[in-house]
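Participant: After the structure tokens below, expect a handful of questions from me.
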């Protein structure tokens, strides 16, 4: 009987997303890299930290990160 093929992890996704204990994915906030002088302090503070990925995108990420 032939061996079952192993799936490859999408390395780009592995560097950007993290899975929680409940199986959801965490992502960093966008719009925090450059042109920060025109954004208010309050807005930049709100972009700190991580947030969960939308439900519609989670199955796609689950395929990209099969062993996480």
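The values are calculated or read from the model by the stated rules, or taken from the named source; none is laboratory data. Everything quoted here is computed from the prediction, not taken from an experiment. Note that we place each Cβ from the backbone using ideal geometry, even for glycine, and neighbour counts take in every protein chain shown.
Participant: Among 27, 68, which is at pLDDT below 95 and in contact with a helix residue (DSSP H, G or I) (Cβ under 8 Å, 6 or more places away or on another chain)?
Facilitator: Going through 27, 68 in turn, the sole match is 68.
Participant: Out of 13, 62, report the one residue that is part of a helix (DSSP H, G or I), touching a helix residue (DSSP H, G or I) at 6+ places or on another chain (Cβ under 8 Å) and surrounded by 13 or more Cβ atoms within 10 Å (Cβ to Cβ).
Facilitator: On the way: 62 fails: touching a helix residue (DSSP H, G or I) at 6+ places or on another chain (Cβ under 8 Å).
After applying the criteria, what remains is 13.
Participant: Now, a different point. State yes or no: is residue 5 in a loop (DSSP other than H, G, I, E, B), over 12 Å from residue 68 (Cβ atoms) and at pLDDT 95 or above?
Facilitator: Spelling it out, it is not the case that residue 5 is in a loop (DSSP other than H, G, I, E, B), over 12 Å from residue 68 (Cβ atoms) and at pLDDT 95 or above.
Participant: Determine, yes or no, whether residue 39 is surrounded by 13 or more Cβ atoms within 10 Å (Cβ to Cβ) and part of a loop (DSSP other than H, G, I, E, B). Before the answer, list the steps.
Facilitator: Working: surrounded by 13 or more Cβ atoms within 10 Å (Cβ to Cβ): yes; part of a loop (DSSP other than H, G, I, E, B): yes.
Against the criterion (surrounded by 13 or more Cβ atoms within 10 Å (Cβ to Cβ) and part of a loop (DSSP other than H, G, I, E, B)), residue 39 qualifies.
Participant: Can we say residue 36 is in contact with a helix residue (DSSP H, G or I) (Cβ under 7 Å, 6 or more places away or on another chain) and free of Cβ contacts under 8 Å to residues at least 24 places away in the same chain? Walk me through it before giving the result.
Facilitator: Numbers: in contact with a helix residue (DSSP H, G or I) (Cβ under 7 Å, 6 or more places away or on another chain): yes; free of Cβ contacts under 8 Å to residues at least 24 places away in the same chain: yes.
Against the criterion (in contact with a helix residue (DSSP H, G or I) (Cβ under 7 Å, 6 or more places away or on another chain) and free of Cβ contacts under 8 Å to residues at least 24 places away in the same chain), residue 36 qualifies.
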